[in-house]
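Notes follow the structure.
The values are calculated or read from the model by the stated rules, or taken from the named source; none is laboratory data. As the structure is a prediction and not an experimental result, all values here were calculated from the model. Note: ideal-geometry Cβ built from the backbone for every residue, glycine included; neighbour counts use all protein chains shown. Just so you know, the surface numbers come from the protein's heavy atoms only, side chains and all, with ligands and any DNA or RNA stripped out. Shrake-Rupley method; radii C 1.70, N 1.55, O 1.52, S 1.80 Å.
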Amino acid sequence: MKNIEWSSLTFGYMATDYNVRCYYRNGKWGEIEVSSDEYLKLHMAATCLHYGQEAFEGLKAYRCPDGKVRVFRVEENAARLQNTSRGIVMPEVPTDLFVEMVKKVVRLNQEFIPPYESGASLYIRPLLIGTSAQVGVRPAEEYCFLIFVTPVGPYFKGGFCANPYVIVRDVDRAAPLGTGMYKVGGNYAASLRANRHAHEQGYASEFYLDAKEKKYVDECGAANFFGIKNNTYITPKSSSILPSITNKSLMTIAEDLGMKVERRPISEDELDSFEEAGACGTAAVISPISHLDDMTTGKVYNFGDKPGPWSTKLYETLRGIQYGTIEDKHGWTMVVIE
(Lines give C-alpha, C1' and ligand atoms only; values in the text may rest on other atoms or scores of the structure.)
Protein backbone atom coordinates (compact mmCIF):
# COMPACT_ATOMS: atom_id res chain seq x y z
CA MET A 1 0.00 0.00 0.00
CA LYS A 2 0.99 3.61 -0.47
CA ASN A 3 2.59 5.41 2.45
CA ILE A 4 -0.49 7.42 3.45
CA GLU A 5 -1.72 8.38 6.92
CA TRP A 6 -4.99 6.52 6.38
CA SER A 7 -6.61 7.36 9.71
CA SER A 8 -6.37 11.11 9.08
CA LEU A 9 -8.02 11.06 5.65
CA THR A 10 -11.01 13.34 5.11
CA PHE A 11 -13.78 12.81 2.56
CA GLY A 12 -11.98 14.57 -0.27
CA TYR A 13 -10.05 14.04 -3.48
CA MET A 14 -6.58 12.51 -3.62
CA ALA A 15 -4.92 11.69 -6.91
CA THR A 16 -4.45 7.99 -7.71
CA ASP A 17 -2.52 6.33 -10.52
CA TYR A 18 -5.18 5.45 -13.08
CA ASN A 19 -8.73 6.05 -14.27
CA VAL A 20 -10.69 4.12 -16.89
CA ARG A 21 -12.71 5.53 -19.76
CA CYS A 22 -15.07 4.40 -22.49
CA TYR A 23 -16.52 6.51 -25.29
CA TYR A 24 -19.90 6.32 -26.99
CA ARG A 25 -19.70 7.22 -30.68
CA ASN A 26 -21.78 6.32 -33.74
CA GLY A 27 -24.45 4.69 -31.60
CA LYS A 28 -22.22 2.24 -29.72
CA TRP A 29 -19.76 1.95 -26.85
CA GLY A 30 -16.08 1.52 -27.66
CA GLU A 31 -13.28 -0.29 -25.88
CA ILE A 32 -12.22 0.38 -22.28
CA GLU A 33 -9.22 2.71 -22.10
CA VAL A 34 -6.81 3.14 -19.18
CA SER A 35 -5.53 6.64 -18.51
CA SER A 36 -3.14 8.23 -16.03
CA ASP A 37 -4.32 11.73 -16.95
CA GLU A 38 -6.52 13.47 -14.36
CA TYR A 39 -7.86 15.88 -16.97
CA LEU A 40 -10.39 15.68 -19.77
CA LYS A 41 -10.13 17.44 -23.10
CA LEU A 42 -13.62 18.86 -23.65
CA HIS A 43 -15.03 21.01 -26.40
CA MET A 44 -16.28 24.33 -25.04
CA ALA A 45 -19.71 23.60 -26.55
CA ALA A 46 -20.06 20.14 -24.93
CA THR A 47 -23.65 19.47 -23.80
CA CYS A 48 -22.54 18.52 -20.28
CA LEU A 49 -21.31 22.08 -19.78
CA HIS A 50 -24.35 23.89 -21.17
CA TYR A 51 -27.39 21.66 -20.75
CA GLY A 52 -26.50 19.49 -17.76
CA GLN A 53 -26.17 16.18 -19.57
CA GLU A 54 -24.12 14.79 -16.71
CA ALA A 55 -24.72 11.95 -14.27
CA PHE A 56 -22.61 10.22 -11.68
CA GLU A 57 -22.58 7.41 -9.13
CA GLY A 58 -20.77 6.68 -5.91
CA LEU A 59 -19.73 3.37 -4.36
CA LYS A 60 -16.83 2.03 -2.33
CA ALA A 61 -14.25 -0.74 -2.29
CA TYR A 62 -13.29 -2.23 1.09
CA ARG A 63 -10.11 -4.02 2.14
CA CYS A 64 -11.43 -6.78 4.38
CA PRO A 65 -9.87 -8.65 7.32
CA ASP A 66 -9.68 -11.84 5.21
CA GLY A 67 -7.34 -10.01 2.84
CA LYS A 68 -9.87 -9.71 0.03
CA VAL A 69 -11.18 -6.50 -1.51
CA ARG A 70 -14.94 -6.22 -1.95
CA VAL A 71 -17.33 -3.77 -3.59
CA PHE A 72 -20.94 -3.41 -2.47
CA ARG A 73 -24.02 -3.82 -4.70
CA VAL A 74 -22.24 -2.62 -7.84
CA GLU A 75 -25.09 -3.82 -10.09
CA GLU A 76 -27.47 -1.50 -8.21
CA ASN A 77 -25.24 1.46 -9.07
CA ALA A 78 -25.26 0.38 -12.71
CA ALA A 79 -29.07 0.16 -12.64
CA ARG A 80 -29.42 3.59 -11.02
CA LEU A 81 -27.12 5.17 -13.61
CA GLN A 82 -29.19 3.54 -16.35
CA ASN A 83 -32.35 5.02 -14.83
CA THR A 84 -30.71 8.45 -14.67
CA SER A 85 -29.61 8.08 -18.29
CA ARG A 86 -33.19 7.42 -19.36
CA GLY A 87 -34.30 10.45 -17.37
CA ILE A 88 -31.98 12.93 -19.09
CA VAL A 89 -31.73 11.10 -22.44
CA MET A 90 -28.23 9.64 -22.46
CA PRO A 91 -27.17 6.19 -23.68
CA GLU A 92 -27.28 3.56 -20.96
CA VAL A 93 -24.00 2.03 -19.84
CA PRO A 94 -24.54 -1.77 -19.95
CA THR A 95 -24.25 -3.46 -16.57
CA ASP A 96 -21.44 -5.76 -17.68
CA LEU A 97 -19.41 -2.79 -18.97
CA PHE A 98 -20.03 -0.84 -15.74
CA VAL A 99 -18.96 -3.78 -13.57
CA GLU A 100 -15.88 -4.56 -15.68
CA MET A 101 -14.72 -0.95 -15.45
CA VAL A 102 -15.26 -0.86 -11.67
CA LYS A 103 -13.18 -4.03 -11.26
CA LYS A 104 -10.44 -2.72 -13.52
CA VAL A 105 -10.07 0.68 -11.86
CA VAL A 106 -10.00 -0.86 -8.36
CA ARG A 107 -7.37 -3.40 -9.35
CA LEU A 108 -5.23 -0.76 -11.09
CA ASN A 109 -5.26 1.39 -7.95
CA GLN A 110 -5.15 -1.31 -5.28
CA GLU A 111 -2.20 0.35 -3.51
CA PHE A 112 -4.60 3.17 -2.58
CA ILE A 113 -7.18 0.92 -0.89
CA PRO A 114 -6.99 1.76 2.83
CA PRO A 115 -6.29 -1.01 5.34
CA TYR A 116 -9.06 -2.62 7.36
CA GLU A 117 -10.07 -0.74 10.54
CA SER A 118 -8.39 2.48 9.37
CA GLY A 119 -11.78 4.17 9.13
CA ALA A 120 -11.13 4.81 5.44
CA SER A 121 -12.17 3.18 2.17
CA LEU A 122 -11.66 3.57 -1.57
CA TYR A 123 -14.37 5.78 -3.04
CA ILE A 124 -15.34 4.95 -6.64
CA ARG A 125 -16.81 7.71 -8.80
CA PRO A 126 -18.37 6.73 -12.16
CA LEU A 127 -19.17 9.75 -14.35
CA LEU A 128 -21.15 9.97 -17.61
CA ILE A 129 -21.09 13.19 -19.64
CA GLY A 130 -22.32 14.43 -23.00
CA THR A 131 -19.35 15.60 -25.07
CA SER A 132 -20.83 16.63 -28.44
CA ALA A 133 -20.21 20.21 -29.55
CA GLN A 134 -23.58 21.86 -30.08
CA VAL A 135 -25.55 24.94 -29.06
CA GLY A 136 -29.09 23.67 -29.63
CA VAL A 137 -30.99 22.19 -26.69
CA ARG A 138 -31.00 18.51 -27.60
CA PRO A 139 -29.24 15.33 -26.45
CA ALA A 140 -25.60 14.85 -27.35
CA GLU A 141 -24.49 12.35 -29.96
CA GLU A 142 -21.23 11.45 -28.22
CA TYR A 143 -20.53 10.63 -24.56
CA CYS A 144 -17.68 9.79 -22.23
CA PHE A 145 -18.07 7.34 -19.38
CA LEU A 146 -15.17 7.33 -16.94
CA ILE A 147 -14.44 6.03 -13.46
CA PHE A 148 -11.85 7.36 -11.05
CA VAL A 149 -11.12 6.37 -7.46
CA THR A 150 -9.78 8.12 -4.40
CA PRO A 151 -9.17 7.01 -0.81
CA VAL A 152 -11.51 8.75 1.62
CA GLY A 153 -12.08 9.03 5.33
CA PRO A 154 -15.42 9.53 7.12
CA TYR A 155 -17.93 11.88 5.46
CA PHE A 156 -18.63 13.60 8.77
CA LYS A 157 -15.83 14.50 11.15
CA GLY A 158 -15.97 12.02 14.01
CA GLY A 159 -17.38 9.19 11.91
CA PHE A 160 -20.43 7.39 13.31
CA CYS A 161 -21.85 9.94 15.72
CA ALA A 162 -25.00 12.02 16.08
CA ASN A 163 -25.10 15.35 14.24
CA PRO A 164 -27.48 18.34 14.26
CA TYR A 165 -29.53 19.21 11.16
CA VAL A 166 -31.64 22.25 10.30
CA ILE A 167 -34.86 22.47 8.27
CA VAL A 168 -34.61 24.88 5.32
CA ARG A 169 -37.75 26.37 3.79
CA ASP A 170 -36.35 28.97 1.40
CA VAL A 171 -34.58 26.49 -0.89
CA ASP A 172 -35.93 23.46 -2.78
CA ARG A 173 -33.50 20.70 -3.70
CA ALA A 174 -35.73 19.27 -6.46
CA ALA A 175 -39.31 19.49 -7.70
CA PRO A 176 -41.66 16.46 -7.45
CA LEU A 177 -41.69 15.90 -11.24
CA GLY A 178 -38.15 17.17 -11.84
CA THR A 179 -34.78 15.41 -11.61
CA GLY A 180 -34.76 14.64 -7.88
CA MET A 181 -34.97 10.90 -8.52
CA TYR A 182 -31.89 11.04 -10.77
CA LYS A 183 -28.27 11.39 -9.67
CA VAL A 184 -27.37 14.46 -11.69
CA GLY A 185 -25.04 17.29 -10.74
CA GLY A 186 -27.74 19.95 -10.97
CA ASN A 187 -29.51 18.56 -7.91
CA TYR A 188 -26.37 19.04 -5.87
CA ALA A 189 -25.68 22.51 -7.25
CA ALA A 190 -29.20 23.44 -6.12
CA SER A 191 -28.31 22.38 -2.56
CA LEU A 192 -25.02 24.24 -2.17
CA ARG A 193 -26.44 27.55 -0.91
CA ALA A 194 -28.58 25.89 1.75
CA ASN A 195 -25.74 23.58 2.75
CA ARG A 196 -23.32 26.48 3.21
CA HIS A 197 -25.86 28.38 5.28
CA ALA A 198 -26.44 25.32 7.49
CA HIS A 199 -22.69 24.92 8.06
CA GLU A 200 -22.35 28.61 8.92
CA GLN A 201 -24.96 28.11 11.63
CA GLY A 202 -23.13 25.12 13.08
CA TYR A 203 -25.21 22.29 11.61
CA ALA A 204 -23.87 19.18 9.90
CA SER A 205 -26.28 19.57 7.01
CA GLU A 206 -29.56 20.99 5.82
CA PHE A 207 -32.91 19.16 5.88
CA TYR A 208 -35.47 19.54 3.10
CA LEU A 209 -39.25 19.41 3.17
CA ASP A 210 -41.22 18.67 0.00
CA ALA A 211 -41.13 21.43 -2.61
CA LYS A 212 -44.87 21.48 -3.26
CA GLU A 213 -46.46 21.85 0.18
CA LYS A 214 -43.56 22.15 2.65
CA LYS A 215 -45.34 19.59 4.82
CA TYR A 216 -43.53 16.32 4.19
CA VAL A 217 -39.97 15.12 4.77
CA ASP A 218 -37.89 15.02 1.61
CA GLU A 219 -34.11 14.54 2.04
CA CYS A 220 -31.31 15.23 4.54
CA GLY A 221 -28.91 17.26 2.46
CA ALA A 222 -27.56 14.74 -0.05
CA ALA A 223 -28.85 11.70 1.84
CA ASN A 224 -32.10 9.82 2.48
CA PHE A 225 -33.97 10.17 5.78
CA PHE A 226 -35.14 7.37 8.05
CA GLY A 227 -36.94 7.41 11.37
CA ILE A 228 -37.44 4.62 13.89
CA LYS A 229 -40.33 4.09 16.30
CA ASN A 230 -42.28 1.14 17.68
CA ASN A 231 -39.80 -1.37 16.22
CA THR A 232 -40.44 0.10 12.75
CA TYR A 233 -38.01 1.55 10.18
CA ILE A 234 -39.81 4.35 8.30
CA THR A 235 -38.47 6.22 5.28
CA PRO A 236 -40.15 8.76 2.98
CA LYS A 237 -41.76 7.94 -0.34
CA SER A 238 -41.55 10.75 -2.86
CA SER A 239 -40.90 11.23 -6.57
CA SER A 240 -38.27 13.89 -5.78
CA ILE A 241 -36.05 11.67 -3.61
CA LEU A 242 -33.01 9.88 -5.03
CA PRO A 243 -33.40 6.12 -4.43
CA SER A 244 -30.51 5.38 -2.10
CA ILE A 245 -28.84 1.98 -2.41
CA THR A 246 -27.78 2.29 1.24
CA ASN A 247 -31.37 2.98 2.30
CA LYS A 248 -32.62 0.06 0.20
CA SER A 249 -30.09 -2.19 1.92
CA LEU A 250 -30.98 -0.89 5.39
CA MET A 251 -34.66 -1.65 4.77
CA THR A 252 -33.78 -5.27 4.01
CA ILE A 253 -31.46 -5.50 7.02
CA ALA A 254 -34.15 -4.01 9.26
CA GLU A 255 -36.52 -6.79 8.20
CA ASP A 256 -33.76 -9.35 8.78
CA LEU A 257 -33.42 -7.98 12.32
CA GLY A 258 -37.13 -8.39 13.00
CA MET A 259 -38.23 -4.81 12.39
CA LYS A 260 -41.20 -3.68 10.36
CA VAL A 261 -40.45 -1.45 7.38
CA GLU A 262 -42.62 1.34 5.99
CA ARG A 263 -41.89 3.51 2.96
CA ARG A 264 -44.50 6.27 2.84
CA PRO A 265 -44.95 10.04 3.09
CA ILE A 266 -43.78 11.39 6.46
CA SER A 267 -45.31 14.67 7.61
CA GLU A 268 -43.20 17.11 9.59
CA ASP A 269 -45.68 16.72 12.45
CA GLU A 270 -44.68 13.04 12.74
CA LEU A 271 -41.02 13.84 13.43
CA ASP A 272 -41.82 14.36 17.11
CA SER A 273 -42.84 10.71 17.45
CA PHE A 274 -39.57 9.13 16.29
CA GLU A 275 -37.29 7.52 18.87
CA GLU A 276 -34.32 7.67 16.48
CA ALA A 277 -33.68 9.40 13.18
CA GLY A 278 -30.85 9.55 10.71
CA ALA A 279 -29.52 10.25 7.25
CA CYS A 280 -28.16 7.42 5.12
CA GLY A 281 -26.09 7.17 1.96
CA THR A 282 -22.92 5.73 0.46
CA ALA A 283 -20.60 8.41 1.85
CA ALA A 284 -21.60 8.30 5.53
CA VAL A 285 -23.55 4.99 5.58
CA ILE A 286 -25.63 6.27 8.53
CA SER A 287 -25.41 9.70 10.13
CA PRO A 288 -27.70 9.69 13.19
CA ILE A 289 -29.51 12.99 13.80
CA SER A 290 -29.05 14.40 17.32
CA HIS A 291 -31.58 17.17 16.91
CA LEU A 292 -33.42 18.83 14.04
CA ASP A 293 -34.17 22.54 14.30
CA ASP A 294 -36.95 24.36 12.46
CA MET A 295 -35.66 27.93 12.44
CA THR A 296 -38.97 29.25 11.08
CA THR A 297 -41.20 27.89 13.84
CA GLY A 298 -38.60 27.53 16.59
CA LYS A 299 -39.49 23.86 16.95
CA VAL A 300 -36.71 21.46 17.97
CA TYR A 301 -36.97 17.71 17.35
CA ASN A 302 -34.65 15.75 19.66
CA PHE A 303 -33.46 12.21 18.88
CA GLY A 304 -30.54 11.81 21.30
CA ASP A 305 -26.96 13.02 21.50
CA LYS A 306 -25.62 9.53 20.79
CA PRO A 307 -26.55 7.01 18.08
CA GLY A 308 -29.61 5.01 19.15
CA PRO A 309 -29.62 1.21 19.58
CA TRP A 310 -31.36 0.45 16.30
CA SER A 311 -29.24 2.89 14.28
CA THR A 312 -26.12 1.35 15.80
CA LYS A 313 -27.25 -2.21 15.04
CA LEU A 314 -28.18 -1.30 11.45
CA TYR A 315 -24.87 0.48 10.93
CA GLU A 316 -22.78 -2.33 12.37
CA THR A 317 -24.65 -4.97 10.36
CA LEU A 318 -24.31 -3.16 7.05
CA ARG A 319 -20.64 -2.42 7.67
CA GLY A 320 -20.08 -6.03 8.66
CA ILE A 321 -21.54 -7.22 5.36
CA GLN A 322 -19.43 -4.73 3.40
CA TYR A 323 -16.25 -5.88 5.15
CA GLY A 324 -17.08 -9.59 4.97
CA THR A 325 -17.30 -10.09 8.74
CA ILE A 326 -21.06 -10.79 8.67
CA GLU A 327 -22.69 -13.33 6.37
CA ASP A 328 -23.72 -11.80 3.06
CA LYS A 329 -26.89 -13.85 2.67
CA HIS A 330 -28.34 -11.54 0.01
CA GLY A 331 -25.27 -11.73 -2.26
CA TRP A 332 -24.62 -8.01 -2.15
CA THR A 333 -20.82 -7.97 -2.19
CA MET A 334 -18.44 -8.83 -5.01
CA VAL A 335 -14.81 -9.82 -4.50
CA VAL A 336 -12.65 -7.87 -6.94
CA ILE A 337 -9.24 -8.81 -5.51
CA GLU A 338 -8.69 -12.21 -3.90
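The aspartates and glutamates whose alpha-carbon is closer than 18 Å to the alpha-carbon of Lys68, local same-chain residues fewer than 8 away aside, are Glu100, Glu111, Glu117, Glu327, Asp328, Glu338. The stretch 1-49 to the stretch 303-338: how many Å between their Cα centroids? Going from one Cα centre to the other spans 29 Å. Scaled against 2.2 N^0.38 Å for its residue count N, the alpha carbon radius of gyration of the stretch 130-247 is 1.25. One chain, two ends: Leu257 and Asp66. Fully extended at 0.36 nm per residue, the span grows by 66.3 nm beyond their Cα-Cα distance. Within the shell defined by Cβ-Cβ distances under 10 Å, the residues around Tyr182 carry a net charge of +3, with Lys and Arg each +1 and Asp and Glu each -1. Computed from the C-beta positions of His50 and Lys313, the FRET efficiency with R₀ = 51 Å rounds to 0.60.
From most to least packed by mean Cβ count within 10 Å, the peptides 214-226, 151-163 give 214-226, 151-163. Based on protein heavy atoms only, the stretch 218-338 ends up with 41 Å² per residue of surface accessible to a 1.4 Å probe. Our coupling estimate for the stretch 101-115, obtained by passing each phi through the Karplus curve with A = 6.51, B = -1.76, C = 1.60 and θ = phi - 60°, is 6, 4, 4, 5, 5, 5, 5, 5, 10, 5, 5, 9, 7, x, x Hz, Gly and Pro reported as x.
When the helices of the chain are scored as -39500 (n - 2.57) per DSSP H run of n ≥ 4 and the total is divided over every residue, the value at 222 nm lands at -6500 deg cm²/dmol. Classification of the chain by its C-alpha gyration tensor yields an oblate form. The axis ratio a/c (a ≥ b ≥ c) is 1.5 or more, and b/c is at least a/b.
Each peptide in 69-78, 310-319, 259-268 gets a packing score, the mean of other Cβ atoms within 10 Å over its residues, and the list from highest to lowest is 69-78, 310-319, 259-268. If R0 is taken as 25 Å, the Cβ-Cβ distance between His199 and Asn230 corresponds to a FRET efficiency of 0.15.
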